[in-house]
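A.B. asks: Sharing a structure below in structure tokens format, with a few things to ask.
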Amino acid sequence: MSDIMIVLIYSGITALATGLGVIPLYFTKKISVSKMSLASALASGLLLTAAFDLINEGTNSNAVLTLLGVITGVILISISRKWLDKRKTPDVGDLARADLLKAIVIIGVMTIHSFAEGIAVGLSFGGDNLSFGSMISIVIALHNVPEGLAIGLVLIPKGVKIWKAGLWSVFSSLPQPLMAVPAFLLVLVFEPFLPFGLGLAAGAMIWMIGAEVLPDACHKTAPGSIGIALTIGVVFMMAFKLLMS
């Protein structure tokens, strides 16, 4: 199996994992905002640890390029979010009734949101590091599950069937495989810049967690509980890495 196919399969799994988020909705339609916030914080703990793993992987090759990548990632994602905030862009909850043009706009917004995860998956397979790439892919897949649940909670009250909400959830994560393969191909050509790319993805992921995910979660439940969930996510990720080593 070619390396490109491996990247495509793993990045596809991360997108499919988003659809798993709607499974709890087959059993109950009432999931509290507090529980959703805790799940989001738990997933953020996984993603935060993965981001620092990307930084560590990059610094093993070139610390300066990795640092520049982190700074660039933060700047790019920050500018992108400010640009979107100034415009009335539709969100994923509008997908069910969107026409083609509006759906393209929504996908564009989601691409900005998911580009760091997609790049992280693609670049983590750089340098023939299959175990590291698979670990990053699994973590991002786990992170996508509560995102899928959140999408289902938005769409289902609007009359969308659960299985269709699952498909829309998967659809919302398609930017990840769409970004993963080009990132992997790019690093094959410009392998010396792999540390920069790893740092860029990590910086964008850390910014998203600190600027959007955690503040939003803290508005919906006690910050102390969010801190505990975040820490559990970090501990779970460390245990997972020990099992894989």
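All of the numbers you see were taken from the coordinates with simple rules; none came from a lab. Being a predicted model, the structure only gives us computed values, none of them experimental. All Cβ positions, glycine included, derive from the backbone under ideal geometry; neighbour counts span all protein chains shown.
A.B. asks: Can you count the Lys pairs in the chain with C-alpha separation below 17 Å, eight or more apart or on different chains?
C.D. replies: 8
A.B. asks: Set the Förster radius R0 to 30 Å, insert the Cβ-Cβ distance between Lys35 and Ala211 as r into 1/(1 + (r/R0)^6), and round the FRET efficiency to 0.05.
C.D. replies: Step by step, r from the Cβ atoms, then E = 0.85.
A.B. asks: Have a look at Ala202, Ala43, Ala150 and tell me which one the Gaussian network model of the chain (Cα, springs below 10 Å) gives the largest fluctuation.
C.D. replies: The residue that fluctuates most here is Ala150.
A.B. asks: So how far apart, in nm, are the two label points at Ser2 and Leu130 if each is 7 Å from Cα heading toward Cβ?
C.D. replies: Each label point is offset 7 Å from its Cα along the Cβ direction, giving 1.7 nm.
A.B. asks: Using r as the Cβ-Cβ distance of His219 and Met244, and R0 as 30 Å, what FRET efficiency do you calculate, to the nearest 0.05?
C.D. replies: Once the sixth-power term is evaluated, E becomes 0.30.
A.B. asks: Points 7 angstrom from Cα along the Cβ direction at Ile71 and Leu167: gap in nanometres?
C.D. replies: My value for the distance between the label points is 4.7 nm.
A.B. asks: Taking the Cα centre of the chain as the origin, how large is its charge dipole in debye, to the nearest 20, when only Lys and Arg (+1) and Asp and Glu (-1) carry charge on their Cβ atoms?
C.D. replies: Value, rounded to 20: 1060 debye.
A.B. asks: Could you give the radius of gyration (one decimal) and Dmax (whole number) of the Cα atoms in the chain, in Å?
C.D. replies: 17.4, 51
A.B. asks: For segment 115-167, just list the percent of Cα-Cα distances falling in each 5 Å bin from zero outward, please.
C.D. replies: Computed distribution, short to long bins: 4, 20, 20, 15, 12, 12, 9, 5, 2, 0.
A.B. asks: If you don't mind, another one. Can you give me the C-alpha center-to-center distance between segment 148-187 and segment 1-57, rounded to a whole angstrom?
C.D. replies: Here the two parts' Cα centres lie 11 Å apart.
A.B. asks: Quickly work out the Asn60-to-Thr28 label distance, labels modelled 7 Å from Cα along the C-beta direction, and quote it in nm with one decimal.
C.D. replies: With each label point 7 Å from Cα toward Cβ, the separation is 4.2 nm.
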